[in-house]
């Protein structure tokens, strides 16, 4: 029975991690921008993000954030659109949680890929949100006494989540931000480690072998 629960957990987490999030609010093309429009968008972000985020200064200080906004405003007259986009992404990344970010405009060419480190080298994988999988893993372990198999989950159990979104007035860039703080494991701020840790190797990746699934099926 325990092995069936572990197999069910594995399949459930795979589905949860790779199920795309459907939304009617899609990224828009970047309209023609001027230095003044970029500055007004920056002012909007600097004003609204601290208001709407659950705690925008849990990692970065207000003074550090304001200084970065000021520096980017000064660059707006000579920086191109790409540089301003990177600057906005840097600003939201300073907040320090995975749900606060800038969605790139649809007019910018992107590859649907992200990079994950595997045994000292890199492999290309489809990006996924770890928050829901983290909560599911904790619930299965605590409530169903399931065995967690695989690698440590890359998100802390106590963190900011439950994102909402807003649009910058001129660039129409979509900005996500966290609205709640969850403490799934109060007093424990480390990573959620599996009961059976299995790290895939580069050779297994090339051969299309899933060592986690093979271990579960062998039990």
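The values are calculated or read from the model by the stated rules, or taken from the named source; none is laboratory data. Just so we're clear, the structure is a prediction, and the values are computed from it rather than from any experiment. Virtual Cβ from ideal backbone geometry, glycine too; neighbours counted across all protein chains shown.
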*asked:* Would you confirm, using the coordinates I've provided, whether residue 111 is more than 16 Å from the chain's Cα centre (by Cα) and modelled with pLDDT under 95?
replied: yes
*For segment 158-180, state whether one or more residues are surrounded by fewer than 19 Cβ atoms within 10 Å (Cβ to Cβ), free of Cβ contacts under 8 Å to residues at least 60 places away in the same chain, touching a helix residue (DSSP H, G or I) at 6+ places or on another chain (Cβ under 9 Å) and over 30 Å from residue 30 (Cβ atoms).*
no
*What are the residue pairs meeting all of these: first residue in segment 181-210, first residue closer than 28 Å to residue 52 by Cβ, second residue at pLDDT 85 or above and part of a loop (DSSP other than H, G, I, E, B), Cβ atoms under 7 Å, and 6 or more apart or on different chains?*
181/54; 181/55
_With the structure loaded, tell me whether residue 69 is farther than 18 Å from residue 179 by Cα, out of contact with any strand residue (DSSP E or B) (no Cβ under 6 Å at 6 or more places or on another chain) and crowded, with 16+ Cβ neighbours inside 10 Å or whether it fails that test._
yes
*asked:* Can you tell me which of (1) surrounded by 14 or more Cβ atoms within 10 Å (Cβ to Cβ); (2) modelled with pLDDT of 90 or more is the one residue 47 doesn't meet?
replied: (1)
*Among residues belonging to segment 181-201 that are assigned to a strand (DSSP E or B) and either at pLDDT below 85 or under 17 Å from the mean Cα position of the chain (by Cα) (or both), point out the one that is surrounded by the fewest Cβ atoms within 10 Å (Cβ to Cβ).*
183
